[in-house]
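The values are calculated or read from the model by the stated rules, or taken from the named source; none is laboratory data. Here the structure is a predicted model, which means the values were calculated and not measured. Don't worry about glycine lacking a Cβ; one is built from the backbone with ideal geometry, like all the others, and counts go over all protein chains shown. Side chains included, ligands, DNA and RNA excluded: accessible areas come from the protein's heavy atoms. Shrake-Rupley method; radii C 1.70, N 1.55, O 1.52, S 1.80 Å.
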Amino acid sequence: MNCVKVSSFIHAIRSYKRFCHFESKSHLGFGSLDRPVRASVGIFWDLDNKPPKSFPPFDAATKLKKAAGQFGVVRFTVAYANRHAFSYVPPLVRQQRKERKTLNLLEKSGVVKVEDPYVCRVCGRRFYTNEKLVNHFKQIHEREQTKRLNQIESARGKMRVKLVAKYAMKMDKYKGAVRDVLTPKVGYGLADDLKRAGFWVRTVSDKPQAADVALRNHLVDVMDKRMVDYVVLVSDDSDFVEVLKEARLRCLKTVVVGDSNDGALKRTADAAFSWQEIMIGKAKKEAVSVVGRWKDRDVLKRLEWTYDPEVEKKLYYSEVESDDSDGIFSGEDDKEDVGASILKEDAHAWWKLDSRSAMNFLAYNGFLYLEKYATEYNKDTAGHD
């Protein structure tokens, strides 16, 4: 009964906050309801132009998400490529596969003996040759995985949900182990590793620039809906320069990840990192200082004073007009004379006087002196009389 009352009270408080929008106080126990809203980050990956050739795909994607997470909350992780990008095998991976085949032959013939046995990451069994581990994995665990997938595919409704929940841990364990044991049939497992890292991988047609167009359209759509505050673009293709300029015009911060040091993308973006900096963790550390510099720059821009002659003249004329309403000036002719005098004064330095102004100044002072002298003379003559 008490639990029901507490839950009802919490629900009432949240509803009241939602509709009344009051500012909750942390010392009253409602501080958890008001949390600071962090900036949203979107990662857009051009796999056709920038696949992780020299790094494992899963590790590269994980480190990339951690580095982007320093700018804010990662909301979007998108990767576009055609089928050729997923079927391509880098030279480094080909060399590793050749060395693995040679080592398997030496282990099978008994020339090479490993000190530490190969351990199956699914069941924990140990084998002294890699070939026996592969055969064990194919005969037992791969068949079990196929059966699980067939059961889930044939089930419907609640039964399918129960099977997914039942086999979730086993399927994740199998996916984590299969990449180190079995060789992918197509490519080197790029798409599977990116999906396992949380990326939404999209395969486009084989037309030229199809991936660039799809990625550009997706990025523009996200910007139109104001769904991100930071755009992280993984590419070296200069075709995305206009998109980055558009993002900056919309007051979005842009970050580029690529290996081209003098590329057009890095010159256009607000910040840039290389794959090496992403993998060693340098980009993750520098992201915090980069965000701090951006905030300081925005504050200075708001506090910066700029002089605009046209604006200042308009303000001065408005003050003159307001003085005219009080009776200091009268008529349109006086306003025109004031404006003409202002423009005339602006024609030379303020400390320099022209000849006419100097003569008027001397004549006025001479008139005052003569008037004062005449007054004193009249007083003196009146006293003698």
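Heavy atoms only, probe 1.4 Å: what % of the accessible area of region 155-250 goes to carbon and sulfur, would you let me know? Each step should come with its number before you reach the end.
Working: 3030 of 5700 Å².
The computed percentage sits at 53.
How would you rank 190-199, 42-51, 148-157, 237-246, highest first, on the average number of other Cβ atoms within 10 Å across their residues?
Packing proxy ranking, top to bottom: 42-51, 190-199, 237-246, 148-157.
Kindly provide the trypsin sites (Lys or Arg not before Pro) of region 200-238 that DSSP labels as loop, not H, G, I, E or B, and whose Cβ sees at most 15 other Cβ atoms within 10 Å.
Lys225, Arg226
Using every alpha carbon pair in region 165-275, what percent of pairs falls into each 10 Å bin from 0 up to the bin containing the largest distance?
Here the calculated profile for region 165-275 is 12, 33, 29, 19, 6, 0.
Between Lys132 and Arg248, with labels modelled 7 Å along Cα→Cβ, what's the label distance in nm to one decimal, could you check?
Modelled inter-label distance: 6.2 nm.
How high is the FRET efficiency from Lys175 to Val299, r the C-beta distance, R0 35 Å, rounded to 0.05?
Working from the Cβ atoms, E equals 0.15.
Please find the FRET efficiency linking Met159 to Asp116, where r is the Cβ-Cβ separation and R0 is fixed at 41 Å, and quote it to the nearest 0.05.
About 0.40, to the nearest 0.05.
Ranked from highest to lowest mean number of other Cβ atoms within 10 Å per residue, what is the order of the peptides 81-89, 96-104, 227-235, 57-65?
Going by the mean number of other Cβ atoms within 10 Å, highest first, we get 227-235, 57-65, 81-89, 96-104.
Working out 0.36 nm times the residue gap between Arg100 and Thr62, then minus their Cα-Cα distance, what length gain in nm do you get to one decimal?
On the way: separation 38, 0.36 × 38 = 13.68 nm, distance 2.58 nm.
11.1 nm is the gain from fully extending Arg100 to Thr62.
Quick one: if you take sqrt(5λ) for each eigenvalue of the C-alpha gyration tensor of region 79-147, what semi-axes come out, biggest first, whole angstrom?
After scaling each eigenvalue by five and taking roots: 27, 20, 10 Å.
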